[in-house]
1. Considering every Cα-Cα pair within region 40-127, what fraction, in whole percent, is farther apart than 21 Å?
2. If I take R0 = 51 Å and measure r between the Cβ atoms of residue 87 and residue 153 in this structure, what FRET efficiency does the formula 1/(1 + (r/R0)^6) give, to the nearest 0.05?
3. R0 = 30 Å: FRET efficiency of residue 75 with residue 129, Cβ-based, nearest 0.05?
4. List residues of region 66-83, by number, whose backbone nitrogen lies under 14 Å from a label position 7 Å along Cα→C-beta of residue 52.
5. Just rank 146, 171, fewest to most, by other beta-carbon atoms within 10 angstrom.
6. For the pair residue 17/residue 40, report the inter-label distance in nm, with labels modelled 7 Å from Cα in the Cβ direction.
């Protein structure tokens, strides 16, 4: 169980780092787009688009995500993304006549209106199947922030438990080998029932074995009381009581 919690903690830390990285990329993309003459994100000539129609099926399907790279030249049979009437279209080049480039969707019957190289964003170099929905999810800042905060809370919960467990270990170590039952017998201020002492002893043994334990308020007070005692004097009292018996 302890090993599983450690694995979960590592997984949560990795996911938190990845989500933070995605969030930083989104922020960078938004800022870069704001100060750019382009209405899409581009870095080092690479852009990412989500396909909205099935005009390029079966090669590219609706909701696929495509990675596009700008090129100095484009050839017939290249699949390119270009801007037409304020929309971005991804079709195949079927003909080139001088500066005029003719494209057509593989699933369409009609050719597109001719474009020029300046209208082209880039050539499709990779297709990610059915990632359109996930792209929308992971490019929405509100959703990313919610996921990030959730992971942080999970990470805090695991860390908090770890801190509390370390505190319990330190507290139990300070008690050393003194019998809690005997402390309870000679104590005048702090008294627990026999059943409560048995339960407390079980918990301290569990802490020594590396298990996570939660002490209630009364148990903590008794343990702290034991720690504050002069253990040498206490041991004398216990020995004296035992010898008297």
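Rule-based calculations on the coordinates, nothing more; no lab input. This one's a predicted model, so the numbers in the text were calculated from it and none came from an experiment. Cβ sites come from the backbone with ideal geometry, for glycine too, and all protein chains shown count toward neighbours.
1. On the way: 819 of 3828 pairs.
Within region 40-127, distances greater than 21 Å cover 21 percent of Cα pairs.
2. Values: r = 41 Å, r/R0 = 0.80.
After rounding to 0.05, the efficiency reads 0.80.
3. Details: r = 25 Å, r/R0 = 0.83.
E(calc), rounded to 0.05, equals 0.75.
4. So the set is 82-83.
5. Details: 146 12, 171 17.
Ordered from fewest to most neighbouring Cβ atoms within 10 Å, 146, 171 come out as 146, 171.
6. Placing both labels 7 Å along Cα→Cβ, they lie 3.2 nm apart.
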